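Written out below as structure tokens is the structure these notes cover.
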Amino acid sequence: MTLTSSDILKRLADTIRNDIGPAVSDEYIRTQAFMASVILSKLSKQLDLEAAHNLAEEADVEELKLRLQTVLSDSPPSVQYQLNNFLQQSHIMPLTSLLTALHEWGVNNSEASDALGLIRPVLRADIDRRMEIAT
Amino acid sequence: MSKKPTAEVSADDLEIIISNYLAKRLEVSGNVSISDLTRIAVGWSHETWLFDADWLNNDGEHQRLELCLRRDPGNALLREASDLEEQFKVLKCLEKTDVPSPKAYWLELDSGTLGAPALIMEKIPGECPSPWRKEGRKFYTDAAKREVLPKSFVDALCSIHNVDWRSCGLDFLGVPAMGKDFALAEIAKWQSLITDSAHPGHPILADLIGWLISNAPSTERLTLVHGAYRTGNVLIKSDKVSAVLDWELQVIGDPMYDVAYMLTELNREDTDLLSNVVPRDLFFRRYEANTGIEIDEDKCRYFQLLYAMRSAAFWMSAAGLYAQSKNTDLRLARTEWSITVALERAAQELGY
């Protein structure tokens, strides 16, 4: 039986938390051991979930691309430029620049507001996935 | 408490350095004895050491000072946002006011003198229970029942907001124009920290910043603002605030910035008591009566979103320090996931 990388990290985290950390007398070093355990646990969880999270992100992004192209067809060049950049990607990070451009255009504008309405559920889904690891 | 050596100096070496330094500063011909030198293992910014200094003056009389040393190790969180020189100047200005704060004695910016840039100030008696620990929260819950600390805690905040900041020289902090300048300057400050962190961030942060810029409130009354007024950042003795600490984020700005920090759920746990110790109605009544400032809850809600941005910026800066190998403290590495928590909160506050 072979352990997965995620399993190994989880076991390392448990050993540091339960065996190594408590044996350290210096408070600072003991805190560092505890933090190492926390970080290894999160990395383990991240490895476990990474593939599923990436698939979900890509699916969300593909659907959003189609909808944004319709909503933002008459947007100014600054927004069009960032939209085009986003359309060439398969992850959410380019939405950072697009959101900045939308806010600069003005969210009182109905197209910008509609675009925000489409983007925010995708961001919500993404942060929910990240929270599975963070908490 | 930890005796862990810093990157630059061990506790034993530091004891000798301080002794020699004080002998010179106090113009003592004999030895200055340093005792109980302890590094406080809290805080992520400057190193903090507590100690007592004893010596005989030139008439042979015993003298004692109880002191606190803050050192800049050169790789601390927020060191660009709050340098020791500014902290020293603020404490000097506050000596002329009613704000309970430690007396500042000496500032040494030359690393050769105390091993790193440092300031020495008065060690004020009192305790500082952590509101993030169970025993700390019990301390505050019990104190709330005795009804003395809640009033003192509010009064100390009022004393900050009532400071005549211009006459005591605090205008060196920079004075925003009336209107949106204060909010916009705070956004710019934290944006700069985010940029310096070299962290990729997340689109929610762009959405949040865009919203903050579009909805910046107008400030019509400027006060001294502490910037992080909560339990855990004040010393308490006999149920009264003996000193307000952590003068690292202070600005001249909108008093609602501090009030929002009092009201936020982020600064309390398992309780309705503001900052774990003050009943909400007592706070509103006493704060408004003592300052003459009406609490604007809408503005406070705005500033709570600004705090979400600030939290994200802190954590990005911390994670960046670790990622860039500037600081090896694993607590900083851990903050990578705290960014997610801050942004999730921001998304909720933005309504999604």
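The values are calculated or read from the model by the stated rules, or taken from the named source; none is laboratory data. As the structure is a computational prediction, the values presented were derived from the model and not from experiment. Positions of Cβ are generated from backbone atoms using ideal geometry, with glycine treated the same way; all protein chains shown enter the neighbour counts. These area figures cover heavy atoms from the full protein model, side chains too; ligands, DNA and RNA do not enter into them. Shrake-Rupley method; radii C 1.70, N 1.55, O 1.52, S 1.80 Å.
Table for the structure above
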quantity	calculated
Residue selected from the stretch A:46-71 under the condition buried (at least 17 other Cβ atoms within 10 Å of the Cβ) and β-branched (V, I, T), by the criterion nearest to the other protein chains (Cβ to nearest Cβ)	A:V61
Filter result for B:W315 (within 30 Å of B:T195 (Cβ to Cβ), buried (at least 18 other Cβ atoms within 10 Å of the Cβ) and in contact with an Asp or Glu (Cβ under 8 Å, 6 or more places away or on another chain))	yes
The stretch A:121-135, subset modelled with pLDDT of 95 or more and open to solvent by 50 Å² or more (accessible area, probe 1.4 Å), residue farthest from the other protein chains (Cβ to nearest Cβ)	A:E132
The listed residue being assigned to a helix (DSSP H, G or I) and in contact (Cβ under 8 Å) with a residue 40 or more places away in the chain, out of A:E104, A:E111	A:E111
Yes/no for B:D171 being charged (D, E, K, R) and surrounded by 16 or more Cβ atoms within 10 Å (Cβ to Cβ)	no
Hey, B:E80 charged (D, E, K, R) and either outside any loop (DSSP other than H, G, I, E, B) or at pLDDT 90 or above (or both) or not	no
Residue count, the stretch B:189-242 (criterion: touching a strand residue (DSSP E or B) at 6+ places or on another chain (Cβ under 6 Å), more than 16 Å from B:Q304 (Cα to Cα) and hydroxyl-bearing (S, T, Y))	1
Residue in the stretch A:88-116 that is farthest from A:A52 (Cα to Cα), counting only those that are more than 13 Å from every other protein chain (Cβ to nearest Cβ) and surrounded by 14 or more Cβ atoms within 10 Å (Cβ to Cβ)	A:E111
Per-region count, the stretch A:15-31, residues without any contact (Cβ under 8 Å) to a residue 12 or more places away in the chain, under 25 Å from B:T38 (Cα atoms) and part of a helix (DSSP H, G or I)	7
Test for B:S101: is it open to solvent by 70 Å² or more (accessible area, probe 1.4 Å), among the polar types (S, T, N, Q) and not in a helix (DSSP H, G or I)	no
First in the stretch B:327-347 and over 19 Å from B:N75 (Cβ atoms) and at the interface with chain A (Cβ under 7 Å from one of its Cβ atoms), second anywhere and open to solvent by 30 Å² or more (accessible area, probe 1.4 Å) and of a type in the set (A, V, I, L, M, F, W, C), Cβ under 8 Å, 6 or more apart	B:T340/A:M131; B:V341/A:M131; B:E344/A:M131
The stretch A:77-87, subset away from chain B (no Cβ under 12 Å) and open to solvent by less than 40 Å² (accessible area, probe 1.4 Å), residue farthest from B:N215 (Cα to Cα)	A:L83
Hits in the stretch B:249-269 (condition: open to solvent by 20 Å² or more (accessible area, probe 1.4 Å) and of a type in the set (D, E, K, R))	B:E265, B:R268, B:E269
Flag if B:T271 is within 14 Å of chain A (Cβ to nearest Cβ), polar (S, T, N, Q), more than 22 Å from the chain's Cα centre (by Cα) and on the phi < 0 side of the Ramachandran plot	no
Given (1) surrounded by 16 or more Cβ atoms within 10 Å (Cβ to Cβ); (2) over 15 Å from B:A313 (Cα atoms); (3) away from every other protein chain (no Cβ under 14 Å), number of the condition B:E186 does not satisfy	(2)
Residue in the stretch A:6-45 that is farthest from A:E132 (Cα to Cα), counting only those that are open to solvent by 60 Å² or more (accessible area, probe 1.4 Å) and within 21 Å of the chain's Cα centre (by Cα)	A:L43
Failed condition for B:A177, given (1) free of Cβ contacts under 8 Å to residues at least 24 places away in the same chain; (2) under 23 Å from B:A289 (Cβ atoms)	(2)
Set B:L224, B:L245: member being open to solvent by less than 10 Å² (accessible area, probe 1.4 Å), away from chain A (no Cβ under 14 Å) and either modelled with pLDDT under 95 or closer than 27 Å to B:C168 by Cα (or both)	B:L224
Condition broken by A:D74, with the remaining ones in (1) open to solvent by 50 Å² or more (accessible area, probe 1.4 Å); (2) under 22 Å from B:L343 (Cβ atoms); (3) outside any helix (DSSP H, G or I) satisfied	(2)
Members of the stretch B:195-215 that are of a type in the set (A, V, I, L, M, F, W, C) and modelled with pLDDT of 95 or more	B:I204, B:L205, B:A206, B:L208, B:I209, B:W211, B:L212, B:I213
